[in-house]
Structures are given as structure tokens and as C-alpha cells.
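J.: The following block contains the structure, expressed as C-alpha cells.
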Amino acid sequence: MQDLATGRIIDGFTLGERLPSGGMGSIWRATRADVDFPMILKIPFLDPGQDVSTIVGFEVEEMIMKRLEGPHVPRFVAAGDLAEIPYIAMEFVTGRSLEGEMKQAPYSWQTVAIYGAQIATALAALHRQKVVHLDLKPGNIILADRGAVLIDFGLAHHEELPDLLAEESSIPMGTPAYISPEQVLGDRTNPASDIFALGCILYEMATGEKPYGEPTSKAGMQRRLYHAPVPPRSHSRDIPRWLQEVMLKCMEIDPARRYATASQVLFDLRNPEQVVLTSRADQEAEAGGWRKLVKALVPGGKTPPPIQPSIAARISGAALVLAAVDLSSGVDTLAEEVRLHVARVLEAEKGARLACLTVLKTKLAGEDTLADASGRSVYVNRLVALKDWARPLRLSDARVSFHVVEALDPAAAILNYAGHNDVDHIVMGARASSALRRHLGSVSAQVVAEALCAVTVVRLKRQEEADAARPVPYRPKLIPTGA
């Protein structure tokens, strides 16, 4: 590898500027005639005596990068053979490294929420592709125009690929400041590990401090198995209680007590008024320093739990369900039928969270009616009606939220809400068809056509449809006498 230099051609790629890189390999800007976007080539160091993890990490990243897609990861272009010159050619993502941005920390809570939502969106997209990053840190996050982009998958784990790193070593792998307790114990399968790292990043952005410092030994990393971090509001009272709740929930020692999915973190960061505050929100450092000892992740702290559910099972069991309810005529028969189907969905998905949404349709021209005949706010009336509609579901405050959206186009409002909050499943009603609906297109038809998630449409049978579906009783044909 000593002859690598600007201008060298490798498999049609022309090396350009050499970029700053770590001790595992070199990174070069590169071009190729048939590729019309900026690229880099990552070329691992394979010198005699090089740590075997360099080769393994290169193989892992190549296998995973080939299978990733979407705006939150670099586009994969090609890979070179280990027998010749190994490399991974991928998109060079233009944007700002979060590591560089951290020099300006602490940030306002508004900025923390915005950046955090972008990272949570990227994590949710990654986990849906059955990949756990396992080295989420500011240096592996690019803030691009298209949102957060995650890079460097050398320590990642794909559920459907062999875990070469786990087979090679039982040593904890990850960046000490952000590594999760279960990673310290050797578990590389849990997407909750990335949520723990996200909590550490949110904490650092809000306080300017790393919650567990930068330990340099395994013993130092193991402290997070027993000790909670200093509460963020002990650093600054400007941090809202709801944001402390989010950060500490992400960093729970037991992964089962963290957010079940990155989408749920995203939802709370974008809907702070819906965050249910617990004792976490009010935690403070005690006089003489924070010395809270928490229950160990595993009794004795020696071995991880033996059985781990799949990444897909963890995500599907903690879906965000959106109930889009038309309450313009009150809680009518269709609204009740929607509630029945929502209950069935929640029964099937025990860990799901429900967002109840109703659209208050506004006028194209003229003033909207802000109050009813008795002077009560129309918005408040609709919110009360939405809560009354959901009450029979008997959900705890932690599992349900309520949203009244004012919009000219109900379908667009539902789609925007679902996309903004990374909803997994929409349940909504559809009114009986009419000539006008067929001409203009119904709200449900538009949502079904454009939603990026599962949609259940609930519709009542019209009486004539019910009559047509009813079986006709058998009547024997009478044969006239003498025929």
C-alpha cells in the first residue's frame, strides 16, 4: 500500500485528495467516469502485524454497506478484492460532522431536540434494515441537507449476516464514552444499544459533558452497569424537565427500560408536550456529588441474557400506531368502528404506542369559526372529543397522545403527521362513496396511495351492501299439479 498517491487509478477509480483518517486505514477522495456524485475510497491498512480486527472490520462494513439503502446512509458503489487491493467505494456525504459541532456545546434545548430528531430518524431507518450500528458517536454522524447520515459500519451487526467480530473476540467493542452496558457484557444484537448511545449524545449536546466520561479500561466502562449518570439538569437548569426525561430514559441501564424503538425517541423529541414525566424528570445531583447506585443489568454482572429477540421482532412489537379519527360529526358509528379496529391492532402489538389525531378542517377563504354557539373554543372541543373517543381503550398516559391539527387538506395533514413522526401503522375510517368523492378522491384513498407505512381503512357497509351480502333463503320450486 506504500504506493498509494493522488492520481493513482484503482479499478477505474482515480484517487484524489487524501482525507484525515484513523489507524485502521486511509480515506481518499475519488472519481470514476460513470459516477456523477462525490465519492471516497476507504482502503484498510494490511501491513504485517496489523491487528486482525482491521481485516474483519473491513469485511463487516463491506457486507453491510452492500445491503443498506436510503438517505441516511452513504450510497455504496463498489468493493475491491482482499487478494488485490481491498477498498470500499462509497458516496462522500457533504455536510457537517456532529463531532465538529460538539465544540460549540452546550446547545439550547431547541437545537438538541432538532439534531436529536434527525439522528433518531436515521437510527429508525437503519434498524428497519435489521442493522445495529454499535458505534454511534458524533464522529460517525454527518448533518447533511437530507438529514442525519450515519457512517462507519465496521463494528455494526446485521441480523442476517454472520457476526464476524463476535466470533473473533469477546472484548467489548465500541467507543468507551458511548458504549452501552450490554455491549460491555458482550451482547452485540440489541438495537437498544444505539438508543443508549443516542442518549449519551443528547446529554453531551445539552450539557457539554459526556455522561460517563471517557474511560480507558474495561473496568471503567463497567461502571455504567451500576451507576447512573449525573442528571442533566444538575449541569444546567435551562434543560427542560421533559428533555431530561428523554435523555435518562435513553440511558437506562436495563435495555428493557429504554425506549423500545428510535421512532419513539423521535416522537418525544418532536412532541415534548406529550412526554410523560416520571421521577427521572426531577432527579438532581445530591450534595457532595451524584452517587446513585442502580440495580445491576445482570446479577453478578458476568453474563448477558441467553435469549435475545430479533431486531425485527423488537421493532414490530413497539410500533407507533396513528388513529386518524373524523370527529366533525362527533363520535359516530364510523368513529366507534375505527376505535374497535385500533383496539385489535394494540392487542396484537402489546408494546405499541398510540397517537390519536383528528383534523379540524379550515376554510380556503374567509374567517374560520374559532368558537361554537356557546363561546367555547372549537379546538378545545375537538380535543376533548378526541380524548373521550379514546377513553374506552383504557391506555396509560405513557402509551397514548392526542393531536388536533388545523388543515385545509385532511389527507395531507394525516400524511404529513405520519411522515414527520415516523408512524408505523395508520388506522382510519372511510365514508360511503358518492359521485363527488369518486370525482375528487377520498381522504382514505389518498392516504393509502401515498403513505410510507401500513394503512388499515375501516368502512361501514351500506345497508344495500349488507342486504346483498345476506344469504337468500331456500324456497323449493312448486310444480303445478298435473304438469
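J.: Considering only the stretch 190-215, state which residues are among the aromatic types (F, W, Y) and either in contact with a His (Cβ under 7 Å, 6 or more places away or on another chain) or at pLDDT below 90 (or both).
T.: none
J.: May I pose another question? Against the definition (modelled with pLDDT under 95 and surrounded by fewer than 18 Cβ atoms within 10 Å (Cβ to Cβ)), how does I55 come out, yes or no?
T.: In short, no.
J.: How many residues are part of a helix (DSSP H, G or I), under 26 Å from the mean Cα position of the chain (by Cα) and closer than 15 Å to L354 by Cβ if we restrict to the stretch 387-413?
T.: 5
J.: May I ask you to verify whether A197 is surrounded by 18 or more Cβ atoms within 10 Å (Cβ to Cβ), part of a helix (DSSP H, G or I) and out of contact with any helix residue (DSSP H, G or I) (no Cβ under 8 Å at 6 or more places or on another chain)?
T.: Yes: the conditions hold for A197.
J.: Of a type in the set (D, E, K, R), touching a Phe, Trp or Tyr at 6+ places or on another chain (Cβ under 8 Å) and closer than 30 Å to E160 by Cβ - does that describe any residue in the stretch 208-219?
T.: No: the stretch 208-219 contains no residue that is of a type in the set (D, E, K, R), touching a Phe, Trp or Tyr at 6+ places or on another chain (Cβ under 8 Å) and closer than 30 Å to E160 by Cβ.
J.: Another question about this same structure. Looking only at the stretch 173-182, count every residue that is of a type in the set (S, T, N, Q) and surrounded by fewer than 24 Cβ atoms within 10 Å (Cβ to Cβ) and tell me the total.
T.: Residues in the stretch 173-182 being of a type in the set (S, T, N, Q) and surrounded by fewer than 24 Cβ atoms within 10 Å (Cβ to Cβ): 1 in total.
J.: Could you figure out which of (1) at pLDDT 95 or above; (2) in contact with a Phe, Trp or Tyr (Cβ under 9 Å, 6 or more places away or on another chain); (3) among the small types (G, A, S) isn't true of A33?
T.: Only one criterion is unmet by A33, namely (2).
J.: Return the residue satisfying two criteria in turn: it lies in the stretch 68-100 and is modelled with pLDDT under 95 and of a type in the set (D, E), and of such residues it is nearest to A122 (Cα to Cα).
T.: D81
J.: I've got another one for you. Among the listed residues A83, A125, identify the single one that is closer than 30 Å to D11 by Cβ, touching a residue at least 24 places away in the same chain (Cβ under 8 Å) and out of contact with any helix residue (DSSP H, G or I) (no Cβ under 8 Å at 6 or more places or on another chain).
T.: A125
J.: For the stretch 217-290, give me every one of the helices (runs of 4 or more DSSP H) that falls completely inside it and has 2 or more residues that are in the same structural domain as D187 (by TED's automatic domain parsing) and within 16 Å of the chain's Cα centre (by Cα).
T.: 241-250, 262-270
J.: Which residues, counting only those in the stretch 177-189, are part of a loop (DSSP other than H, G, I, E, B) and modelled with pLDDT under 95? Let's see the steps before the verdict.
T.: First, pick out the residues of the stretch 177-189 that are part of a loop (DSSP other than H, G, I, E, B): 177-180, 185-189.
Selection gives L185, G186, D187, R188, T189.
J.: Still on this model: From the set of residues in the stretch 221-239 that are in contact (Cβ under 8 Å) with a residue 40 or more places away in the chain and basic (K, R), which is nearest to W109 (Cα to Cα)?
T.: By that ranking, first place goes to R233.
The values are calculated or read from the model by the stated rules, or taken from the named source; none is laboratory data. Small disclaimer: the values here were computed from a predicted structure and weren't measured. Note that we place each Cβ from the backbone using ideal geometry, even for glycine, and neighbour counts take in every protein chain shown.
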